[in-house]
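Note sheet for the following structure.
The values are calculated or read from the model by the stated rules, or taken from the named source; none is laboratory data. Remember, it's a predicted structure, so these values are computed and weren't measured experimentally. Please note: Cβ atoms are built from the backbone with ideal geometry, for glycine as well, and neighbour counts cover all protein chains shown.
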Amino acid sequence: MPLLEITDLRKSFITPDGATHTVVDVPTFALGEHEQIALSGESGSGKTTFLHLIAGILRPDAGRVTLAGREMSALPESERDRLRATHIGYIFQTFNLLQGYTCLENVLLGMKFGRGVDHAFAISLLKRVGLADKLNHSPRQLSTGQQQRVAVARALANRPQLVLADEPTGNLDHANARESLALIRETCRENSAALLLVSHDREVLAQFEQVRDLKQLNRAAAQ
Amino acid sequence: MTLARIVAKSLRQHAFSTVVTAASIALATGLLMAVWAVKTQANQTFTGVSGGFDAVLGARSAKLQLVLNAIFHLEESPGNLAWRDFEEIQRNPSVALALPIAVGDNYHGYRLIGTTTNLFTEVEPQPKRKFAFTSGRAFNAGYAEAVLGSFAAQRLGLKVGDKFHPYHGLLFDEKQQHAETYVVTGILAPSNTPADRVIWIPLEGLQNMKGHAAQTASEISAVLVKLRSPMAGKQLDTLYNKQGNRLTFAWPIAQAIAQLFDKIAWFDRVLALVAWLVALVASASILASLYNSMNERRREIAILRALGAHRSTLFGAVVLESAAIASLGAIAGFLVYGAIATGAAAIIRAQVGVVLDPWAWNPVLVWAPVGIIASGAAAGIVPALKAYRTDVAENLVPHS
């Protein structure tokens, strides 16, 4: 049984002129445990919405998202929050670190709503991403690449089964992007987490053994 | 990383608005507590001040004016009464002590009160406590000697052996100096009563001061009366107030003062209303401050939600933050309270001689801060609802 299973997933939005705009229409998709898949998608292909639906941030209009044997799309919001906190790590293109918190506190926040705070593990994650000497730095005091590494550590903080990465290298230069991607893949393997990454960057996609085209996967994007 | 830590972080991030809002809460809390505490304590203390007497006999007048003049040493004397009136009440078997007083002169604004030496040997200005001397002794009847209350001595800088010339009238006018010279023979210990603001001299001294009308030599301003029983008060009340029409018997003293508080009750209500309005505005300032900050915090809220925080957790965090600001303000409010109440107590002591204790127990010191914190928490509900309703996907990252 796959870790993530998607069936007939649909999501539409109402545009300002009142029309219905379907953003995601995915008949089927699956991701196994420890598997790493890259989704290629251009801007407007619905990749962020797709990831939000998987994470339970958005509720689908139709279809099912089953994560670790639980149908996420059928759960009430509070249980979706709980499932997300305990099973999913999220890496954003803009990192989304909280600026008023130190690097360590950002990672601890990744634990707070999930399996509980574990200082030792948070520190070990930051050491693993090469930020042992930046624990008490504010994200503002870090380079873009370093901020991305904090975001990676935070995504792994709740020992997730699945890491979702939305254009994680989009804000990085070439060298940092390659380094960061390798780090994400390695740390996901080390922590037994599956990885679903979306990107439009060919170099990033070329690093993956399994790449799926969102245009083929998402009927809404193909139109 | 507890919820309290998250709230503390937020307060630090918005330190300026936190401080400004907490300061307005502090002002409201302090003002509310001070108005209430000074009002209730003044009421209790003033009605408790009797100078060691049960009643005052004086010329026909309002009881309140008589008490203010004879016990609190405020206001004009309502008029004089004849020496035989004193002798008559002194002879009454239900009267334990009758002390004649005469007023009409001052020294740099501090009243000279002419009386007998019984004041120092028989009167208990506080329960079971007679007047005590910090230095010197009582005056001798018939001599130009004076005993100063502690506050008057301190303010006038007079000590035993010093000499002074009294001034005519109750208000200081340097052109009205009397020729007589008085020597200070004693300084009283603080009694925490209006007696501390007075200069006591022999009754004859005031009656016979040069420049006073000749008839004052056989008149006094009032008689302070201590009764043997409360029943005696009723009898004398009937005798002087109902059957007679020449004199006024003010009994009980506390009742006359209660009338004063009844008269100025509207002022208390206005002050309390102002304090409540300030509290309301302060709570509204928490609401406005947090509500406005919600716009800039939408992204932060969305991130926390993406990390798995429930809507209700963030709702609670905002209410907790609001309560925390109110709590900071309420704690700082005690400083404001201390400043206002101490200042008010100092003014009352200087003007009336009655001592208030700003830090004496008063229920308002609990219910006002608790009420302010509760209203602060309630004020956080509207911004908390805004946090509750924050759209995660909308505020997390732009749609692609």
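Overview of values
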{"item": "Filter result for residue B:276 (closer than 26 Å to residue B:332 by Cα, out of contact with any His (no Cβ under 9 Å at 6 or more places or on another chain) and either within 14 Å of chain A (Cβ to nearest Cβ) or among the aromatic types (Phe, Trp, Tyr) (or both))", "result": "yes"}
{"item": "Candidates A:33, A:5, A:42 - the one that is within 14 Å of another protein chain (Cβ to nearest Cβ) and of a type in the set (Asp, Glu)", "result": "A:42"}
{"item": "Residue within region B:22-43 that is more than 14 Å from every other protein chain (Cβ to nearest Cβ), without any contact (Cβ under 8 Å) to a residue 24 or more places away in the chain and not basic (Lys, Arg) present", "result": "no"}
{"item": "Residue identified as aliphatic (A, V, I, L, M), within 14 Å of another protein chain (Cβ to nearest Cβ) and over 16 Å from the mean Cα position of the chain (by Cα) among A:135, A:142", "result": "A:135"}
{"item": "Qualifying residue in region A:49-67 (condition: within 14 Å of chain B (Cβ to nearest Cβ) and touching a Pro at 6+ places or on another chain (Cβ under 9 Å))", "result": "yes"}
{"item": "Out of B:122, B:76, sole residue that is modelled with pLDDT under 95 and within 26 Å of the chain's Cα centre (by Cα)", "result": "B:76"}
{"item": "Complete set of residues in region A:8-30 that are within 14 Å of chain B (Cβ to nearest Cβ), surrounded by 13 or more Cβ atoms within 10 Å (Cβ to Cβ) and either hydrophobic (A, V, I, L, M, F, W, C) or closer than 24 Å to residue A:161 by Cβ (or both)", "result": "A:11, A:13, A:23, A:24"}
{"item": "Enumeration of residues in region B:156-178 that are free of Cβ contacts under 8 Å to residues at least 60 places away in the same chain and outside any loop (DSSP other than H, G, I, E, B)", "result": "B:156, B:163, B:164, B:174, B:175, B:176, B:177"}
{"item": "Condition broken by residue B:171, with the remaining ones in (1) crowded, with 17+ Cβ neighbours inside 10 Å; (2) at pLDDT below 95; (3) closer than 16 Å to residue B:102 by Cα satisfied", "result": "(1)"}
{"item": "Any hit, region A:182-203, residues being within 15 Å of residue A:40 (Cα to Cα), of a type in the set (Ser, Thr, Tyr), surrounded by 23 or more Cβ atoms within 10 Å (Cβ to Cβ) and in contact with a helix residue (DSSP H, G or I) (Cβ under 8 Å, 6 or more places away or on another chain)", "result": "yes"}
{"item": "In region B:47-62, residue modelled with the lowest pLDDT [restricted to those that are surrounded by fewer than 22 Cβ atoms within 10 Å (Cβ to Cβ) and not small (Gly, Ala, Ser)]", "result": "B:47"}
{"item": "Residue check for residue B:308: surrounded by 24 or more Cβ atoms within 10 Å (Cβ to Cβ), of a type outside the set (Lys, Arg) and not in a helix (DSSP H, G or I)", "result": "yes"}
{"item": "Among the candidates A:201, A:166, residue that is under 18 Å from the mean Cα position of the chain (by Cα), within 30 Å of residue A:30 (Cβ to Cβ) and modelled with pLDDT under 90", "result": "A:201"}
{"item": "Failed criterion for residue A:90 (all others in (1) more than 9 Å from chain B (Cβ to nearest Cβ); (2) part of a strand (DSSP E or B) hold)", "result": "(1)"}
{"item": "Condition met for residue B:138 (closer than 25 Å to residue B:121 by Cβ and out of contact with any helix residue (DSSP H, G or I) (no Cβ under 7 Å at 6 or more places or on another chain))", "result": "no"}
{"item": "Residues of region A:69-92 classified as out of contact with any helix residue (DSSP H, G or I) (no Cβ under 8 Å at 6 or more places or on another chain), of a type in the set (A, V, I, L, M, F, W, C) and free of Cβ contacts under 8 Å to residues at least 24 places away in the same chain, total", "result": "1"}
{"item": "When residues of region B:79-116 are limited to those that are among the hydroxyl-bearing types (Ser, Thr, Tyr) and more than 30 Å from the chain's Cα centre (by Cα), the one surrounded by the most Cβ atoms within 10 Å (Cβ to Cβ)", "result": "B:116"}
{"item": "Filtered residues of region A:93-129 (kept if more than 8 Å from every other protein chain (Cβ to nearest Cβ) and either charged (D, E, K, R) or without any contact (Cβ under 8 Å) to a residue 24 or more places away in the chain (or both))", "result": "A:115, A:116, A:118, A:119, A:120, A:123, A:124, A:127, A:128"}
